[in-house]
Amino acid sequence: MDVNTRVRALEFLVQEKALPGVVEAVPSFSSLLVYYDPLVVRYETLCAALTELCAQVEHASLPPARLVELPCCYDDPTLGIDLGAAAQRLGLPADELVRLHADARYLVYFIGFTPGLPYLGGLPERIRLPRLSTPRTKVPSGSVGIGGVQVCIYSVESPGGYWILGRTPLRLYDPGAPEPILLRPGDHIRFRAIERGEYDAIVAAVEARAYRPVVDAVRAAGRRGAGAPPSEASV
């Protein structure tokens, strides 16, 4: 079991055991931040409980991972603002860059930086690029970018230094929805290339709350995060 899977397994056990005083558990690549109320539980008591759970992660029976399909429009230069430049830098035709990006399977390592923003591993080695030397001050929400070994999907408008290949019409963060955050650590992601007409239609459906993302179960052996995509990179 790799480090990130162990982190997510520990997060699951913390939630499942409902440890007294624990307010929230936040996973990252290789660690788990646990917020707690010191008026409810002492630091030493909580550390002892977490140490006990750490010993159980190898045998934790976790829910199956989800496979989430994200439509992405690559073919409009107002959405995929760096597609041409990235393809030129990589020495690839733009349509081949799109194919390689959309054909890969990605893993959500954790959510962070802004609400709902996923850090994804699994970028094929052939299309890896260093991040932009000068980050943008504003990147539109839904923008799908690559940088280093990672894929990023901007959940809200924010600064960023990823090469933007396209944009998804889905909302990764919707504070008015029953579940405001679309993706979860341990999710597997696949992109589906769409044209601008379908992108606009999905945007309208999302605004009307009439669109449901395609979510399937990953066929994997008993652990969330197990059965990682073949192209998954070590991050």
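The values are calculated or read from the model by the stated rules, or taken from the named source; none is laboratory data. A quick note: this is a predicted structure, and the numbers were derived from the prediction, not measured. Here Cβ is always computed from backbone atoms with ideal geometry, including for glycine, and neighbour counts include all displayed protein chains. Accessible surface areas use protein heavy atoms only, side chains included; no ligands, DNA or RNA. Shrake-Rupley method; radii C 1.70, N 1.55, O 1.52, S 1.80 Å.
Could you please let me know if THR45 is outside any loop (DSSP other than H, G, I, E, B) and among the hydroxyl-bearing types (Ser, Thr, Tyr)? Steps first, answer last, please.
Details: outside any loop (DSSP other than H, G, I, E, B): yes; among the hydroxyl-bearing types (Ser, Thr, Tyr): yes.
Considered against the rule, which asks whether it is outside any loop (DSSP other than H, G, I, E, B) and among the hydroxyl-bearing types (Ser, Thr, Tyr), THR45 comes out as yes.
Any residue in the range 48-60 that is touching a helix residue (DSSP H, G or I) at 6+ places or on another chain (Cβ under 6 Å), touching a residue at least 40 places away in the same chain (Cβ under 8 Å) and of a type in the set (Val, Ile, Thr)? Yes. Being within 19 Å of PRO169 (Cβ to Cβ), at pLDDT below 95, open to solvent by 10 Å² or more (accessible area, probe 1.4 Å) and acidic (Asp, Glu): is that true of ASP75 here? Criteria met by ASP75.
A quick yes/no check of all residues on (1) modelled with pLDDT of 95 or more; (2) part of a strand (DSSP E or B); (3) farther than 27 Å from LEU32 by Cβ:
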| site | (1), (2), (3) |
| --- | --- |
| ALA102 | yes, no, yes |
| TYR109 | no, yes, no |
| VAL144 | yes, yes, yes |
| SER155 | yes, no, no |
| ILE164 | yes, yes, yes |
| LEU170 | yes, no, yes |
| GLY176 | no, no, yes |
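Could you list, in sequence order, the residues of the range 149-181 that are open to solvent by less than 10 Å² (accessible area, probe 1.4 Å) and among the aliphatic types (A, V, I, L, M)? Selection gives VAL151, ILE153, ILE164, LEU165, LEU172. The number of residues in the range 170-206 that are among the basic types (Lys, Arg) and closer than 28 Å to ARG6 by Cα comes to 2. Condition test on LEU32, is it open to solvent by less than 80 Å² (accessible area, probe 1.4 Å) and hydrophobic (A, V, I, L, M, F, W, C)? Against the criterion (open to solvent by less than 80 Å² (accessible area, probe 1.4 Å) and hydrophobic (A, V, I, L, M, F, W, C)), LEU32 qualifies.
The rows are residues; the columns are (1) closer than 13 Å to GLY145 by Cβ; (2) in contact (Cβ under 8 Å) with a residue 24 or more places away in the chain; (3) small (Gly, Ala, Ser).
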| residue | (1), (2), (3) |
| --- | --- |
| PRO77 | no, no, no |
| ALA85 | yes, yes, yes |
| ALA94 | no, no, yes |
| LEU107 | no, yes, no |
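Could you check how many residues of the range 51-72 are more than 24 Å from LEU182 (Cα to Cα) and either crowded, with 20+ Cβ neighbours inside 10 Å or of a type in the set (A, V, I, L, M, F, W, C) (or both)? Outline the logic, then answer.
Taking the range 51-72 first, the residues more than 24 Å from LEU182 (Cα to Cα) are 51-60.
Still in the running and either crowded, with 20+ Cβ neighbours inside 10 Å or of a type in the set (A, V, I, L, M, F, W, C) (or both): 53-55, 57, 60.
Within the range 51-72, residues that are more than 24 Å from LEU182 (Cα to Cα) and either crowded, with 20+ Cβ neighbours inside 10 Å or of a type in the set (A, V, I, L, M, F, W, C) (or both) number 5.
All but one of (1) open to solvent by less than 20 Å² (accessible area, probe 1.4 Å); (2) more than 18 Å from GLU69 (Cβ to Cβ) hold for PHE113; which doesn't? Going through the list (1) open to solvent by less than 20 Å² (accessible area, probe 1.4 Å); (2) more than 18 Å from GLU69 (Cβ to Cβ), PHE113 breaks only (1). Apart from one condition, PRO118 fits all of (1) out of contact with any Lys or Arg (no Cβ under 8 Å at 6 or more places or on another chain); (2) open to solvent by 10 Å² or more (accessible area, probe 1.4 Å); the exception is (2).
Here the range 7-23 is the region considered, the condition is being open to solvent by less than 20 Å² (accessible area, probe 1.4 Å) and over 18 Å from the mean Cα position of the chain (by Cα), and the residue that is nearest to GLU44 (Cα to Cα) is GLY21.
Quick one: would you say ILE146 is under 23 Å from ALA201 (Cβ atoms) and open to solvent by less than 10 Å² (accessible area, probe 1.4 Å)?
When the stated conditions are applied, ILE146 does not pass them.
Count of the range 48-72 residues, restricted to those that are part of a loop (DSSP other than H, G, I, E, B) and farther than 30 Å from GLU195 by Cβ, is 7.
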